[in-house]
Each structure stands twice: as structure tokens, then as C-alpha cells.
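Before any comments, here is the structure.
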Amino acid sequence: MTDAVLDEVRGRHIRSRGHWLIDFASCNYLGFDWDPEIAATIDPAVQEWGTHPSWSRLLGSPRLYPRIEERLAELLGAPDTLLLPTLTIIHTSVIPVLADDGHVFVEATAHRTVYDGCAVARGQGATLRRFHAERPEELDALLTAAPASAPRLVCLDGVNSMTGNIPDLPALASVCRTHGATLYVDDAHGFGVIGERSPAEPCPYGTRGNAVVRHTGESYDGVVLAAGFSKAYSSLLAFLALPAELKNRLKTAAAPYLYSGPSPTASLATALSGLDVNERRGDALRAGLFRLTTRVLDHLDALGVHTLNTDRLPIVEVPLGDPSDLEQVARFLWQEGIYVTVAAYPLVPRDRVGFRVQLTALHTDEDIDRLNDVLTRLAARYPLRPKG
């Protein structure tokens, strides 16, 4: 499962080296990568705009860009949005701008790309400290000790990329507002999956898929949201939700807007079409995704297996009882036709070595039946971490 070359893809079934597997490593949460309505928008857009808009955004943006930004701001309930190619590019270019020569506080389990952006900020003169999202008092103490005369930036994940859990965003946002700090949230795995809560919501993920800020009932006061279309929307595009004045500042202060090669036309077209599909069918897709995820989590619970997932989002990390079994477990899953993300040390701590299962709306009940059967036989052969 390292550097595997996929020779054929049929939805969530993939072939590698002549071996067919069910893909539980994909992040295409809503199944938009195989949505025929979305795919049909690519050719007309390419005929109108060419395959790639090769201007920097500062020089020229096809009309597709402002259309997406306007639609996105409305969906998120944000003051404004700014589109750039990828979240990695956003983190390494925007975090240093926001931090300047001040103080950056990064959550201990934040995604590596968030930490890399914070490290760039440190290299440009900012101080860097870690904190733990489950300890708001720790963040409060750190911010109290940091001089208010310099910028203070707090960075964390929305939906955690390994546990699939959501932090107490209101508590952390409150601490940041008390100290006049900016809260920077990477919601790569939440946008498109979780959204604003409603009495009429079809599942606990909420409605509209408009990300963690709305899902937790928060506002954008002092909050910058970074997220992407590459997961739930299956398009090479990312964005910031931010105040209009910060957007204008980043147009000249963040290098990707000035210099970076933009997203290809196909990605812009599928992102725009994805917003249409999300509006009409997104809540039904999310309800189906929640149901499939619950089937897997309930099965693991019945087996007495511990998972780090407490919020029932479609990221299910399964730690092993014995980390040294990882190679054999990965081989067993491969041979049984189950393709997952392997979590090995030192990419994760030794007590979290295991594998990650990711569910999508394109999986079928038959796929889940097969996965649960394999998990039952896996648990009988190799010790998985038991529930505490």
C-alpha cells in the first residue's frame, strides 16, 4: 500500500497489479469524482476557457473564479472567500503573513501541512509554541504570556484528519477573542461533510456541508477558515473564508496569488458544478454517508475494538494491539481486497499505529458487508486495541 500504482478504477473498486480491491483510502467523501452530472460540465468549460488559465490570479482570473467565490461565501455564511490551488500552498504562504514577526500557537495534532506553514512563519521571525485543543486553559495561559503588541495566531484542524473528531471550537474561539488573537482553522476534512445544525437535518452531520464554523454555531469574528475542494468536491482547488480587507491584503502579500500556477479549468468547472449538486442532493448524500459510517463503527464496537472516532465522521482509525503486526495486517487486508491508509510509526505515535478506513457516499452496502467481514476475521487473527 506504499506507492501503489492503480491500473484501473471503477468507482470505489480499484485494480493494482492484477488485484481488485475495495477502496477505503479515498477522501472523495460525497462521491463527486464519479458523478456524471459534474463530469459533464468539464468539456463545455474547456471549450470556453481552454484547458488551463495560465495567468497568475493577480494578472487575470476567468469569470469562473468570482462565480465560485461568491457562491462559496454564501454557502459558508462568510464575509468573503479567496480561491487558491491547494491547502498546502495556502498554509505555507498565508500563515507566515498572518503571523508576521509575532507568535504562532499550533495545536499538537494539527495536520503536518499546517505545522509546516507555522515552521515557515518561525523561520521568518515568529515564535512557535504547541498547545492541546482539549485544554483551552493551556491556550489561555500561552496567549496571556505572549505580548499583545505583536500578532498572535492560533492554528488547528477543524475535523482531525486521523481521528475524525471535531474540537471544541466555541471554547477555543472564545479564548482567542479574549486575547485578540486570530484563530486559523484547517477544515480540509469537514468542508462538504459537516454543516449547520437544524431540527430538520437528515443526520447529525448537519445540513449544507458548510464546514466546522457553521456546524459548531460559531461566527467568523476573528476566525480564518482554510479548506479545499479536493476531498468532498473532488476538485483541485482550495480557499480561505476571511474578511474582505484581509483578502485584499493577501492579493499582494501571499505569493500564490501573484505567482502560482492556477487550478486547471476542469477543477474550476467541477467545483462550480459541485456547488449546484451539493445544493440539490448534498444532504441526502451526507445522510447516506453517515449511515454507512455508523455501520462500520457499530461493527467495531460489537467486536470490542477501540477506535479514536467519537464524532461518527467518515474517518475511522483502528489502532493495533501490537504495533509490530502492522506489516502482516496490511498484507492481510490487501489479500482480502481491502485498501486502507496505513498509519505507521513515526508518522503516528507508537500507541496509534494501525490503519485508517475512510467511507464515502459512493460505497455500497455490499462494500460495507465485505469490510465488516474482513474486520471480524482480522480481529480474530491479530489483536486490535480493545475498548477501554
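Points worth noting:
- Arg122 being farther than 24 Å from Thr216 by Cα, open to solvent by 30 Å² or more (accessible area, probe 1.4 Å) and of a type in the set (Lys, Arg): yes
- Single residue of Gly354, Gly274, Gly288 found to be closer than 27 Å to Pro44 by Cα, surrounded by 16 or more Cβ atoms within 10 Å (Cβ to Cβ) and under 22 Å from the mean Cα position of the chain (by Cα): Gly274
Residues checked against (1) part of a loop (DSSP other than H, G, I, E, B); (2) farther than 20 Å from Thr294 by Cα; (3) within 9 Å of the chain's Cα centre (by Cα):
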{"residue": "Val159", "(1), (2), (3)": "yes, no, yes"}
{"residue": "Met162", "(1), (2), (3)": "yes, no, no"}
{"residue": "Ala171", "(1), (2), (3)": "no, yes, no"}
{"residue": "Val175", "(1), (2), (3)": "no, yes, no"}
{"residue": "Thr178", "(1), (2), (3)": "no, yes, no"}
{"residue": "Gly190", "(1), (2), (3)": "yes, no, yes"}
{"residue": "Val193", "(1), (2), (3)": "yes, no, no"}
{"residue": "Glu201", "(1), (2), (3)": "yes, no, no"}
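- For segment 18-29, the condition holds for at least one residue, the condition being that it is touching a helix residue (DSSP H, G or I) at 6+ places or on another chain (Cβ under 7 Å) and either modelled with pLDDT under 95 or of a type in the set (Phe, Trp, Tyr) (or both).
- Residues considered: Leu128, Leu98, Leu139, Leu143. Of these, the only one that is farther than 30 Å from Phe290 by Cβ and in contact with a Phe, Trp or Tyr (Cβ under 6 Å, 6 or more places away or on another chain) is Leu139.
- Tallying residues that are open to solvent by less than 50 Å² (accessible area, probe 1.4 Å) and either more than 22 Å from Ala238 (Cβ to Cβ) or touching a strand residue (DSSP E or B) at 6+ places or on another chain (Cβ under 8 Å) (or both) within segment 167-218 yields 31.
- Of all residues in segment 223-236 being out of contact with any strand residue (DSSP E or B) (no Cβ under 6 Å at 6 or more places or on another chain) and surrounded by fewer than 24 Cβ atoms within 10 Å (Cβ to Cβ), the one that is nearest to Ser263 (Cα to Cα): Leu236
- The set of residues in segment 42-70 that are open to solvent by 70 Å² or more (accessible area, probe 1.4 Å), touching a residue at least 60 places away in the same chain (Cβ under 8 Å) and under 30 Å from Asp283 (Cα atoms) comprises Pro44, Arg67.
- The strands (runs of 3 or more DSSP E) found wholly in segment 233-349 and carrying at least 1 residues that are touching a His at 6+ places or on another chain (Cβ under 7 Å) occupy 315-319.
- Residue among Leu139, Leu156, Leu143, Leu128 that is at pLDDT 95 or above, within 25 Å of Glu196 (Cα to Cα) and hydrophobic (A, V, I, L, M, F, W, C): Leu156
- Matching residues, segment 298-347, being in contact with a helix residue (DSSP H, G or I) (Cβ under 7 Å, 6 or more places away or on another chain), over 16 Å from Asn165 (Cα atoms) and of a type in the set (Ser, Thr, Tyr): Tyr345
- Those residues of segment 308-339 which are open to solvent by 40 Å² or more (accessible area, probe 1.4 Å) and among the polar types (S, T, N, Q), in sequence order: Thr310, Ser324, Gln328, Gln335
The values are calculated or read from the model by the stated rules, or taken from the named source; none is laboratory data. This one's a predicted model, so the numbers in the text were calculated from it and none came from an experiment. Neighbour counts run over all protein chains shown; Cβ positions are idealised from the backbone, glycine included. Just so you know, the surface numbers come from the protein's heavy atoms only, side chains and all, with ligands and any DNA or RNA stripped out. Shrake-Rupley method; radii C 1.70, N 1.55, O 1.52, S 1.80 Å.
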